[in-house]
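Engineer: One structure, pasted below without further comment.
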2 protein chains.
Amino acid sequence: MEKYKLLIVEDDANLGQVLREYLELKGYETVLCADGDIGSKTFHSDVFDLCILDIMMPKKDGFTLAREIRVSDKQIPIVFLTAKSMKEDTIEGFRLGADDFLTKPFSMEELLLRLKAILRRTVGNEKIKSGETEFQFGNFHFESTKQILRCGGEEIKLTTKENELLRLLSLNMGQMLDRSTALKKIWHDDSYFNARSMDVYITKLRKHLKRDKNIQILTVHGHGFKLVKMD
Amino acid sequence: MEKYKLLIVEDDANLGQVLREYLELKGYETVLCADGDIGSKTFHSDVFDLCILDIMMPKKDGFTLAREIRVSDKQIPIVFLTAKSMKEDTIEGFRLGADDFLTKPFSMEELLLRLKAILRRTVGNEKIKSGETEFQFGNFHFESTKQILRCGGEEIKLTTKENELLRLLSLNMGQMLDRSTALKKIWHDDSYFNARSMDVYITKLRKHLKRDKNIQILTVHGHGFKLVKMD
DNA sequence: GTTGCCTTTTAACCAATTTTAACCGAGAAT
DNA sequence: ATTCTCGGTTAAAATTGGTTAAAAGGCAAC
């Protein structure tokens, strides 16, 4: 699955670099901007899942930037970084739709945990709702809300796990679906036994997909699976 | 619009009372429990939108309680209150799916802002439409106040439990209705025997809904049921 | 109160889904 | 080539859900 993409706007080059390296190490895609002006420009020319904004910055402070962001995006989660815990700041920040507030110095670990808690409630859930529930590939028509895979006149009822796994594969059609990502999204835990369980379901899906030999699930050894059209 | 309902579990009677009064003043419905045992019992016999749990408590600490809660509800937001910012605690808490973490002493205002930020993102908010009493799906017209399900010219009288269950399913049309939520709302207790009773009623409803084969109750294994149009 | 009817719960049994386990084969690394 | 890890397949065990029928509970008419 795709990585979450984070916009980091922080004028302290040192902290910015640390944030960036740590979060990339943890599997996020990041873009670091050194001030609010660049941050604003970057936000409007790319798509992000979450913004981390320092409040005190030269040229354009974090709140002003947040206001600009909110004009074009009312939804995107925003996390503010602040030097000292100023009460008015906090209040103003939450009024702007902030999702969290970290007072420097904070631990990278805590930041990471808070980001996860926020993202868990946003992107993943929206994608389920966002209409990407029907897929067409080869002779198949797959309706994930109804848990049905149609092929020609045939109607195959999918079990819950079959359905979820095929949905993830379909969302990433042609791209690789990472084992670990799938496990975390469907089994909520990347462990040995769940991994073996997933392999069983890959086998089951392959059996269903035999109905059109142009559609296959390829193995990317050591990394994951890929649903492809073979034409 | 209905109020958000908060479960507060806090052994310090003083703080508990303050929390309670402040949050009720701010428009929330609250239930205050003095220890983890009572908290657990309360959670399993009522439906809440968010839990505020103190970590250090006699009888049953906040983490143990959170683990119990997570068994039957993977979604509900949990906010922990902690005396001192202990790093390991924080990590364990977030692992349990915590949404936030407040270190005592905190300001009521900050708590409120953080609660709002979390509730803004919670999905499955059927509160907005919970006043609805009439539903139309497929050939059916369902009047929950009259406990009548019409199909074509036919008029099916529903029993109380049939009616309540179909109403919950209808409110969540197309979305999953969590087993545990349904049990708590209709049977007021999420227990083994009530769960079996609910299965019996799912069977009864499926029998009624056979009159239009486009309307079905799908099973989401291990989680709940989903009323869907199959067009 | 007792009777009869209707609703709900309990129980027993059966069916489906998911997990665990065992075994085998393909690929990578040495 | 040999060893080791990783993935594939199949079957069994475990868990969870579905159906049916009988028991229990509730309520109104008598």
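Engineer: Measure off, as a whole percent, the carbon and sulfur share of the 1.4 Å-probe accessible area of the stretch B:133-229, all protein chains present.
Structural biologist: The computed percentage sits at 49.
Engineer: Nearest 5 percent is fine: what portion of the DSSP beta bridges confined to chain A is antiparallel?
Structural biologist: Taking every DSSP beta bridge within chain A, about 55 percent pair in antiparallel fashion.
Engineer: So what's the net charge close to A:PHE135: Lys and Arg +1, Asp and Glu -1, counting the other residues with Cβ under 9 Å from its Cβ?
Structural biologist: Net of charged neighbours comes to -2.
Engineer: Could you tell me how many cubic angstrom of Cα convex hull volume chain B has per residue?
Structural biologist: Once divided by residue count, the hull of chain B is 126 Å³.
Engineer: Can you give me the distance in nm between label points at A:ARG211 and A:ILE156, each placed 7 Å from the Cα along the Cα-to-Cβ direction?
Structural biologist: Going from the A:ARG211 label point to the A:ILE156 one covers 0.6 nm.
Engineer: Can you tell me the accessible area per residue over the stretch B:126-191, all protein chains present, probe 1.4 angstrom, in square angstrom?
Structural biologist: Counting only protein heavy atoms, the per-residue value for the stretch B:126-191 is 46 Å².
Engineer: Can I ask one more? How many percent of the accessible area of the stretch B:5-128 is carbon or sulfur, using a 1.4 Å probe?
Structural biologist: 54
Engineer: Let me ask something else about it. Take the cross-link list B:LYS5/B:LYS74; B:LYS3/B:LYS226; A:LYS146/B:LYS3; A:LYS3/A:LYS185; A:LYS204/B:LYS74; A:LYS185/B:LYS5 and give me the ones stretching past 21 Å between alpha-carbons.
Structural biologist: B:LYS3/B:LYS226; A:LYS146/B:LYS3; A:LYS204/B:LYS74; A:LYS185/B:LYS5
Engineer: Here's a follow-up. Which angle between 0 and 90 degrees, to the nearest 10, do you get for helix B:192-209 versus the longest principal axis of chain B when only C-alpha atoms count?
Structural biologist: It works out to around 30 degrees.
Engineer: For A:LEU50, which sequence-distant residues (separation of 5 or more, or a different chain) have an amide H within less than 5 Å of its own amide H, given hydrogens modelled in the peptide plane?
Structural biologist: Amide H to amide H, under 5 Å and 5 or more residues apart or across chains, A:LEU50 pairs with A:LYS5, A:LEU7.
Engineer: Using a 1.4 Å probe on the heavy atoms of the protein chains only, list every residue of the stretch B:214-231 that has 30 Å² or more less accessible area in the complete assembly than in its chain alone.
Structural biologist: Relative to the lone chain, where solvent access is computed with a 1.4 Å probe, the stretch B:214-231 loses at least 30 Å² at B:LEU218, B:LYS226, B:MET230.
Engineer: Please say if the stretch B:128-172 is rounded, prolate or oblate, where rounded means a/c under 1.5 for a ≥ b ≥ c the square roots of the C-alpha gyration tensor eigenvalues, and otherwise the choice is prolate for a/b larger than b/c and oblate otherwise?
Structural biologist: Oblate, since a/c reaches 1.5 and b/c is not below a/b.
Engineer: Does the stretch A:5-128 come out rounded, prolate or oblate by the C-alpha gyration tensor, with a ≥ b ≥ c the root eigenvalues, rounded set by a/c under 1.5 and, if not, prolate when a/b is larger than b/c and oblate if not?
Structural biologist: Because its axes are fairly even, with a/c under 1.5, the stretch A:5-128 counts as rounded.
Engineer: Quick check on the protein assembly as shown: of the DSSP beta bridges with both residues there, what percent are antiparallel, nearest 5%?
Structural biologist: 55
Engineer: Okay, moving on. Summing -39500 (n - 2.57) over the DSSP H runs of n ≥ 4 in chain B and dividing by its residue number, what mean residue ellipticity at 222 nm do you reach, to the nearest 500 deg cm²/dmol?
Structural biologist: -12000 deg cm²/dmol
Engineer: May I pose another question? Let me test this: with uniform point scatterers at the alpha carbons of the stretch A:133-229, what is the Debye-based log₁₀ I(q)/I(0) at q = 0.11, 0.22 1/Å?
Structural biologist: Computed log10 I(q)/I(0) values: -0.28, -1.16.
Engineer: Using a Debye calculation, one point per C-alpha and no hydration shell, please list log10 I(q)/I(0) for the protein assembly as shown at q = 0.11, 0.12, 0.14 Å⁻¹ in order.
Structural biologist: With one equal scatterer per Cα and no solvent, log10 I(q)/I(0) is -1.05, -1.21, -1.44.
Engineer: Here's something else I'd like to know. Round to the nearest 10 and give me the degree value, 0 to 90, for the angle of helix B:108-121's Cα axis relative to the longest principal axis of chain B.
Structural biologist: Compared with the principal axis, the helix lies near 30 degrees.
Engineer: Here's a follow-up. Excluding ligands, DNA and RNA, what is the accessible area buried between chains A and B, summed over both sides, using a 1.4 Å probe, to the nearest 100 Å²?
Structural biologist: That pair hides around 2500 Å² of surface in total.
Engineer: Computed FRET efficiency, Cβ-Cβ of B:LYS60 and B:LYS26, R0 35 Å: what is it to the nearest 0.05?
Structural biologist: With R0 = 35 Å, the Cβ-Cβ based efficiency is 0.80.
The values are calculated or read from the model by the stated rules, or taken from the named source; none is laboratory data. Only a predicted model underlies this, so the values are computations on that prediction, with no experimental measurement involved. A quick note on method: Cβ atoms are made from the backbone with ideal geometry, for glycine too, and the neighbour counts reach across all protein chains shown. All accessible areas refer to the heavy atoms of the entire protein, side chains included, with ligands and DNA or RNA removed. Shrake-Rupley method; radii C 1.70, N 1.55, O 1.52, S 1.80 Å.
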